[in-house]
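A.B. asks: Let me give you the structure first, and then I'll get to my questions.
The values are calculated or read from the model by the stated rules, or taken from the named source; none is laboratory data. It should be emphasised that the depicted structure is a prediction, and the values quoted were computed from it without experimental measurement. Neighbour counts are summed over all protein chains in view; Cβ atoms, including those assigned to glycine, are modelled from backbone coordinates with ideal geometry. Side chains are part of the model used for accessible areas, which takes the heavy atoms of the whole protein and leaves out ligands, DNA and RNA. Shrake-Rupley method; radii C 1.70, N 1.55, O 1.52, S 1.80 Å.
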Amino acid sequence: MMKIAIDVFGGDHAPGATIEGSVQALERFADVHLLLYGDENKIEAELGQYPGVDRSRLTICPASEIISCEESPTVAIRTKKDSSMVRALEAVKNKEAVCMVSAGSTGALLTGATLIVRRLKGVKRPALGMAIPNKAGGATLLMDCGANTDAKPSYLMQFAVMASAYMEGVLGVKEPRIGLLNNGAEAEKGNALTKAAYPLLQAAPIRFAGNCEARDILSGNFDAVICDGFDGNIVLKYTEGMADVLLSMLKAELMRDTRSKLGALAAKPAFRRFKRIMDYTEYGGAPLLGVDGGVIKAHGSSNAKAFCAAIGQARNFASGNVIAAIAQGISRLPDIED
């Protein structure tokens, strides 16, 4: 049975959404056992709404404190030792759980994972990846998308190795094509960072597919796109915003007159499928790669469906042996000082 630690009180809709998502996960995945960290009385009250839940596959682990998004991440992790997030991270560190899931403060989770779970041997910086639906019907992993606003060439080389291991182990992509985010497809294009990183990615034990311009991120020609966390976060937020704007504009135009309304009615099944493809709740969360354990960051506004998907992602992460694959890949890289 695969044990997964849950930060019940992380997220905008906790504990309701996290408990409901956990219950859905127990129904969906027969091989998971959930460790629920948080206020015992409140957890029991939420679970009371689901009398049919399999209590033999969940354990309530009392934690008296909550880390909010308004707190300093480092201070919160160091002072709130009995918070639901810290206790869940400690479960991963102590191998009591194969992975943990939290929709709480991103900064606190990144800090806590680095200080508590700790980096894998040889990893210079852990990185956050996010799977984005692409034109080919699959997903492209954008990495880093926020953990490291400043990066060095050797960091990007390691990000590429970690992204390759994740795409193969979790999403089942054989020999994933890895691209380097740049302002041109030619090898000589870019700034000092990307120019120095290019030959490192060429020499790394991955399938390097060259530079990837922003317009090609979702083309389906790349399975993962590597960048520093500053550029990655901008791309991610822009993509999310653009998707919302396009859907809103399309809806407004379809409702403009009778003819377009009739056309919209006929095309409703296609629009429903398109919305499902673009729905972040289908993907669950973003893995933090490079630490010695599974850490999944669910979206702060996750509903029950999204949180259930994040638990499923944690399950796939553990069964895909991603940690071992990353460790092996990192050990094959040269030790570069930059």
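A.B. asks: Just name the residue that is surrounded by the fewest Cβ atoms within 10 Å (Cβ to Cβ) out of those in the stretch 47-85 that are farther than 19 Å from residue 311 by Cβ and touching a Lys or Arg at 6+ places or on another chain (Cβ under 6 Å).
C.D. replies: It comes out as 65.
A.B. asks: Could you please let me know if residue 122 is touching a helix residue (DSSP H, G or I) at 6+ places or on another chain (Cβ under 8 Å), in a helix (DSSP H, G or I), of a type outside the set (Lys, Arg) and closer than 22 Å to residue 159 by Cα? If you could, list the steps in order and put the result at the bottom.
C.D. replies: Numbers: touching a helix residue (DSSP H, G or I) at 6+ places or on another chain (Cβ under 8 Å): yes; in a helix (DSSP H, G or I): no; of a type outside the set (Lys, Arg): yes; closer than 22 Å to residue 159 by Cα: yes.
Taking the combined requirement at face value, the residue does not satisfy it.
A.B. asks: Considering each of 257, 231 in turn, give the residue that is surrounded by 13 or more Cβ atoms within 10 Å (Cβ to Cβ) and without any contact (Cβ under 8 Å) to a residue 60 or more places away in the chain.
C.D. replies: 231
A.B. asks: Give the residues of the stretch 67-95 that are over 16 Å from residue 38 (Cβ atoms) and of a type outside the set (A, V, I, L, M, F, W, C), sorted by residue number.
C.D. replies: Hits for the stretch 67-95 are 70, 71, 72, 73, 74, 78, 79, 93, 94, 95.
A.B. asks: Working only within the stretch 45-71, note down all residues that are farther than 24 Å from residue 315 by Cα and not in a strand (DSSP E or B).
C.D. replies: 45, 48, 49, 51, 64, 66, 67, 68, 69, 70, 71
A.B. asks: Here is a follow-up. Residue 198 fails exactly one of the following numbered conditions: (1) assigned to a loop (DSSP other than H, G, I, E, B); (2) open to solvent by 10 Å² or more (accessible area, probe 1.4 Å). What is the number of that condition?
C.D. replies: Going through the list (1) assigned to a loop (DSSP other than H, G, I, E, B); (2) open to solvent by 10 Å² or more (accessible area, probe 1.4 Å), residue 198 breaks only (1).
A.B. asks: Only one of these conditions is not met by residue 189: (1) surrounded by fewer than 19 Cβ atoms within 10 Å (Cβ to Cβ); (2) closer than 25 Å to residue 332 by Cα. Which number is it?
C.D. replies: (2) is the only condition that residue 189 fails.
A.B. asks: To continue, here is another question. Does any residue of the stretch 298-312 turn out to be surrounded by fewer than 15 Cβ atoms within 10 Å (Cβ to Cβ), within 23 Å of residue 178 (Cα to Cα), out of contact with any Phe, Trp or Tyr (no Cβ under 8 Å at 6 or more places or on another chain) and at pLDDT 75 or above? Talk me through it step by step, then tell me what you get.
C.D. replies: Here is the first cut: in the stretch 298-312, the ones surrounded by fewer than 15 Cβ atoms within 10 Å (Cβ to Cβ) are 301.
Going one step further and asking which of them are within 23 Å of residue 178 (Cα to Cα), we end up with none.
No, the conditions are met nowhere in the stretch 298-312.
A.B. asks: Looking at the stretch 76-97, I want the residues that are closer than 10 Å to residue 116 by Cβ and without any contact (Cβ under 8 Å) to a residue 60 or more places away in the chain and have a partner that is open to solvent by 60 Å² or more (accessible area, probe 1.4 Å) and assigned to a loop (DSSP other than H, G, I, E, B) with Cβ atoms under 7 Å, at least 6 apart or on another chain. Which pairs are those?
C.D. replies: Correct list of pairs: empty, since none qualify.
A.B. asks: How many residues does the stretch 4-45 contain that are surrounded by fewer than 24 Cβ atoms within 10 Å (Cβ to Cβ), farther than 28 Å from residue 70 by Cα and under 19 Å from the mean Cα position of the chain (by Cα)?
C.D. replies: Result for the stretch 4-45: 0.
A.B. asks: Let me ask something else. For the stretch 131-160, enumerate the residues that are touching a strand residue (DSSP E or B) at 6+ places or on another chain (Cβ under 8 Å), of a type in the set (Ser, Thr, Tyr) and under 19 Å from residue 111 (Cβ atoms).
C.D. replies: If the condition is that a residue be touching a strand residue (DSSP E or B) at 6+ places or on another chain (Cβ under 8 Å), of a type in the set (Ser, Thr, Tyr) and under 19 Å from residue 111 (Cβ atoms), then 155 is the only one that fits.
A.B. asks: Moving on. Mind listing whichever residues of the stretch 316-338 are touching a strand residue (DSSP E or B) at 6+ places or on another chain (Cβ under 6 Å) and either over 16 Å from residue 285 (Cβ atoms) or open to solvent by 20 Å² or more (accessible area, probe 1.4 Å) (or both)?
C.D. replies: 318
A.B. asks: Can you pull out every residue in the stretch 287-323 that is more than 19 Å from residue 23 (Cα to Cα) and assigned to a helix (DSSP H, G or I)?
C.D. replies: The answer is 317, 318, 319, 322, 323.
A.B. asks: In the stretch 234-254, which residue that is under 24 Å from residue 161 (Cα atoms) and open to solvent by less than 60 Å² (accessible area, probe 1.4 Å) is modelled with the highest pLDDT?
C.D. replies: The extreme case among them is 235.
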